[in-house]
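Asks: Submitted below is the structure of interest, expressed as structure tokens.
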Amino acid sequence: MNERLPAELLRDAELLKVLGHPTRLCIVRGLWQKGSCNVSHMQSCLAAPQPTISQHLARLRAAGIIEGERDGVEIRYHLKDERVAMLLACLYPKGEQK
């Protein structure tokens, strides 16, 4: 990394790098539109195996983009970083958001 770049730029670049994968972008867009969701619903929407979805969720959680809350035996995920919601509003201006 370039130490001469401001920390804010490095942080933002990392955020964009995490969001740069199509599956992760689809996950965060779905969470932005629906408000929250569990892994089973994501799996059916994305037609991807559960381990794959879990790996992407782990990457999004580690970046502080999403967080999960336990609801009985399932975990419901939602957006945590407001900057992501603002980015999605720019990318998908006609997208519905709760």
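Asks: Measure nothing fancy, just the Cα-based angle from helix 82-91's long axis to the longest principal axis of the chain, in degrees from 0 to 90, nearest 10.
Replies: With rounding to tens, the tilt is 90 degrees.
Asks: A further question follows. For Cα pairs less than 8 Å apart in space and 6+ apart in sequence, what is the mean separation divided by the residue count of the chain, i.e. the relative contact order in percent?
Replies: Working: 85 pairs, mean separation 29.7, N = 98.
After rounding, I find 30 percent.
Asks: Quickly estimate the mean residue ellipticity at 222 nm for the chain, helices only: each DSSP H run with n ≥ 4 gives -39500 (n - 2.57), and the total goes over all residues, rounded to 500. Please report the intermediate quantities before stating the final value.
Replies: Details: 5 runs with 57 residues, N = 98.
One gets -18000 deg cm²/dmol as the mean residue ellipticity at 222 nm.
Asks: A further question follows. At 1.4 Å probe size, with the rest of the protein present, what percent of the exposed accessible area of the chain is carbon and sulfur atoms?
Replies: Numbers: 3520 of 6470 Å².
That share works out to 54 percent.
Asks: Specify the longest stretch of the chain that does not include any exposed loop site, a site being one of the GluC sites (Glu not before Pro) with a non-H, G, I, E, B DSSP assignment and at most 10 other Cβ atoms within 10 Å. Can you show the working numbers first?
Replies: Details: sites that count: Glu3, Glu96.
In short, 4-95.
Asks: Once both axes come from the Cα atoms, what is the angle between helix 50-62 and the longest principal axis of the chain, in degrees from 0 to 90, rounded to 10?
Replies: Approximately 40 degrees, to the nearest 10.
Asks: Tell me the per residue accessible area of the chain using a 1.4 Å probe; a whole number in Å² is fine. Walk me through the intermediate numbers first.
Replies: Values: 6470 Å² over 98 residues.
Averaged over the residues of the chain, the accessible area is 66 Å².
The values are calculated or read from the model by the stated rules, or taken from the named source; none is laboratory data. Just so we're clear, the structure is a prediction, and the values are computed from it rather than from any experiment. Positions of Cβ are backbone-derived with ideal geometry, glycine not excepted, and every protein chain shown enters the neighbour counts. Side chains are part of the model used for accessible areas, which takes the heavy atoms of the whole protein and leaves out ligands, DNA and RNA. Shrake-Rupley method; radii C 1.70, N 1.55, O 1.52, S 1.80 Å.
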